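One structure is given here, and the rest of the page talks about it.
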Amino acid sequence: MAHSFLLNYWCNKRVGSLSLVILLSFLFFLQTDTVFAAESIPHGILDVRTFNTPTSSPQTLSASSSSTIDTETLLIPNGQESTSYTITLPETAFTFSAVGIIWYGQGSDPEEGESPTVSFTAHIQDSNEYISRDFPTLGDDLKEQLPTGKHVTEPLIVSRANSLSVDVTLRRQADGTSPQVEEVQIIYYNTQQPITDAAMQSGFSAQSSGETTFSAAQQTTTYATLQDEIISRENWGADETLAQDEEGNPTWVPEYAKVKAFVVHHTAGGDGGDDPAATVRAIHYWHTVVNGWGDIGYNFLIDRSGNIYKGRKGKLGVIGGHTYNSETNTNFNIGTIGIALLGCYDSVCDTETELTPEMEAALGKLIGTLSAHLHIKPNSQTNLLGQDINRIVGHRDLDATTCPGTVVHDDVDHIRSLAQQQYQTLTQHPFRGALSAVTAISPSDTETADEQEEAPIDLEHVEIGEPVMVTVTYTNTGDRTWEQTSTRLKIFNGLGTNRTRLRHASWENDHGHIAMNETSVAPNETASFTFQIRTPKDPVQKNILTKLYVGKRKIAKSNGTASFHFIHSYAGTLTATTFPLAMVHETSQDVSFTFQNTGEQTWDDTVTLLFNNKERGTFSELVAPGAQGTITFTFSAPKNDTGEPIVKYYPVQLMHQDQLISGTRVVRAIGIH
């Protein structure tokens, strides 16, 4: 069962004297045997009791100076620079795990290096030790939001305490006037609850030497698997109803911004001991209810065992409440992820705590994994709201504060190195490759495979109409061996967005899916992929984009481009003919066909005229590119004994060494009487 107790001291206007008023309020939380369900944790003040405590009560407000307390407001007596008062609770109504202060009055913020004009010091008998510690002053994040005259400290997190006293110290302001304290509320509460073992098994490992390291499983942690490892709000026991209005809507509506940097904090209190989830719940209650934010301000929290807790509700990039600079009026919550380490890591702590290797590893792992997902290099810099900063900074780098403590701040460079290591592990794929060569051949048909010859092709002069076999060669630049059974080459158009028009009927699918020629290719060795392409009908420059895949996973850096310039070495166009439109059957006459050479090669006697699929002659002279040449032969009209005119069709085309010459094919029709 968890409780909340409010000790409220204020000026009793009706009796005109200073009274101590104790308000008891209890918050009851249901608990299950196995897992925390947020919806099963109701909240609400079930009982409020007011006591006018006489001066003879052990729970009294007493002055440490010689002055008497007979005014409605705490002031510094004349002639003194400071004074203190003590509120003592020898025995609290229940064992508590957190305590904080709200006070009303007038007091100025301290100058750098000076003490505040109003401060509070707690003296707590914890189950493990006696604690004497100043309440941390509230960050600028909330000061700007508070109404005039209201002041709030950060809570102190303890293990299990059942007594406390609070010193209220007043120091004169810079102008010599006394601060004024009109009301003090001491809020102590208990958030210790069981948490499921399964939720606490995501801690990060460290070697026995204390040197931070990542296990093999952690090195392959991705953003997707990391989300499963992070202890959810439900599992650490967040009471979601605390952050809802009467209609169930969130009181702090999530807003989002592009993440550019990470801000490291410490909670400046207890680390939670054997129940760190209780500390997270305590911070959540204080931020949500006491501060009035409507949720916890940090995006993530990490305990000393390396467990990571989900903080601010929302998706990645939700704006939290952890870093605000009031001097420059800069809201560094926008564009940052705030990560708080449970505990106090500065000389102001009772014990200046050292970071555990597990906590350090978890922080580097979290930032590195999120950076890989967000495409942010942890060791780089960025411009955040007009200020050039490192991607990973401590709170004090952006605001006038000691947070995250000297111990953590001195370790930020190492944390940045750990995050960069994780980032590189996730972004440098084990499968990598680089295109090293593209070649092509034109296989010639022979009677036996042993006699087959291969003629190399210049990619800048690929003959249209000829068979073209392309071989692309890749170097394995990764850490894994490529296997023939799983490694495939895919072929796309030049932009890499669609299939290419050079796809051949022999391909397995529109993108080729070409198997590797070798059985296996080890790192630093080369692999080859051979495939046929279809040549276009007209001269053109065509590019293809090639990519390698292992199964469905693309091999990193394997995009390669091959360029082909398709030409007609032998091409022509019919420009004139004397072939008649009609003839009498079984008569003959000389006919001629004149062609213009539109190719790149000179025509000689190896170029013949095919008429009705029969060779009918060659050019009598060489025909240079751009020139015209004529072939003449005798045509005999076929017999027609039908008594009626008939029409005959004759295909005509030039041929060079068994290869038809592009552009020269025509069909002539003739009437036979």
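The values are calculated or read from the model by the stated rules, or taken from the named source; none is laboratory data. Please read all numbers here as calculations on a predicted model, not as lab measurements. FYI the Cβ positions are ideal-geometry reconstructions off the backbone, even for glycines, and counts take in every protein chain you see. Calculation scope for accessible area: heavy atoms of the full protein, side chains included, ligands and nucleic acids excluded. Shrake-Rupley method; radii C 1.70, N 1.55, O 1.52, S 1.80 Å.
Based on this model, can you work out whether residue 499 counts as more than 21 Å from residue 443 (Cα to Cα) and charged (D, E, K, R)? Yes; evaluated as a whole, the condition is true for this residue.
For the stretch 455-505, which positions are of a type in the set (Gly, Ala, Ser) and more than 33 Å from the chain's Cα centre (by Cα)?
Result: 455, 465, 505.
From the list 318, 259, exactly one residue is touching a Lys or Arg at 6+ places or on another chain (Cβ under 8 Å), open to solvent by less than 50 Å² (accessible area, probe 1.4 Å) and either under 27 Å from residue 371 (Cα atoms) or of a type in the set (S, T, N, Q) (or both). Which is it? Walk me through how you get there before you give the answer.
Details: 259 fails: touching a Lys or Arg at 6+ places or on another chain (Cβ under 8 Å).
Selected residue: 318, the only one of 318, 259 that is touching a Lys or Arg at 6+ places or on another chain (Cβ under 8 Å), open to solvent by less than 50 Å² (accessible area, probe 1.4 Å) and either under 27 Å from residue 371 (Cα atoms) or of a type in the set (S, T, N, Q) (or both).
Sort out which residues of the stretch 629-673 are under 21 Å from residue 538 (Cβ atoms) and open to solvent by 60 Å² or more (accessible area, probe 1.4 Å), and write them in order of number.
Within the stretch 629-673, 659, 660, 665, 667 meet the criteria.
The residue of the stretch 286-315 that is surrounded by the most Cβ atoms within 10 Å (Cβ to Cβ), among those that are hydroxyl-bearing (Ser, Thr, Tyr) and under 23 Å from residue 334 (Cα atoms), is 309.
Taken as a whole, the stretch 373-395 holds no residue that is buried (at least 24 other Cβ atoms within 10 Å of the Cβ) and under 18 Å from residue 230 (Cβ atoms).
From the list 364, 343, pick out the single residue that is in a loop (DSSP other than H, G, I, E, B), in contact (Cβ under 8 Å) with a residue 40 or more places away in the chain and open to solvent by less than 10 Å² (accessible area, probe 1.4 Å). Quick ask: steps written out before the conclusion?
Numbers: 364 fails: in a loop (DSSP other than H, G, I, E, B).
It is 343.
Number of residues in the stretch 551-610 that are assigned to a loop (DSSP other than H, G, I, E, B), crowded, with 20+ Cβ neighbours inside 10 Å and either in contact with a Cys (Cβ under 8 Å, 6 or more places away or on another chain) or among the aromatic types (Phe, Trp, Tyr) (or both) equals 1.
Do we have residue 116 as at pLDDT below 50, in contact with a Pro (Cβ under 7 Å, 6 or more places away or on another chain) and in a loop (DSSP other than H, G, I, E, B) here? Let's see the steps before the verdict.
Values: at pLDDT below 50: no; in contact with a Pro (Cβ under 7 Å, 6 or more places away or on another chain): yes; in a loop (DSSP other than H, G, I, E, B): yes.
Spelling it out, it is not the case that residue 116 is at pLDDT below 50, in contact with a Pro (Cβ under 7 Å, 6 or more places away or on another chain) and in a loop (DSSP other than H, G, I, E, B).
Taking the criterion of being more than 14 Å from residue 517 (Cβ to Cβ) and either among the polar types (S, T, N, Q) or surrounded by 15 or more Cβ atoms within 10 Å (Cβ to Cβ) (or both), the residues of the stretch 481-495 that qualify are 481, 486, 490, 491, 492, 493, 494. Could we say that residue 505 is of a type in the set (A, V, I, L, M, F, W, C) and open to solvent by 50 Å² or more (accessible area, probe 1.4 Å) here? Taking the combined requirement at face value, the residue satisfies it. Out of the stretch 182-204, which residues are within 48 Å of the chain's Cα centre (by Cα) and modelled with pLDDT of 50 or more? Across the stretch 182-204, the qualifying residues are 183, 184, 185, 186, 187, 188, 189, 190, 191, 192, 193.
Suppose we filter the stretch 534-550 for residues that are over 30 Å from residue 477 (Cβ atoms) and open to solvent by less than 70 Å² (accessible area, probe 1.4 Å); how many remain? Explain how you work it out, then say what you get.
Filtering the stretch 534-550 down to residues over 30 Å from residue 477 (Cβ atoms) leaves 534-540.
Remaining after also requiring open to solvent by less than 70 Å² (accessible area, probe 1.4 Å): 535-536, 540.
Qualifying residue count for the region: 3.
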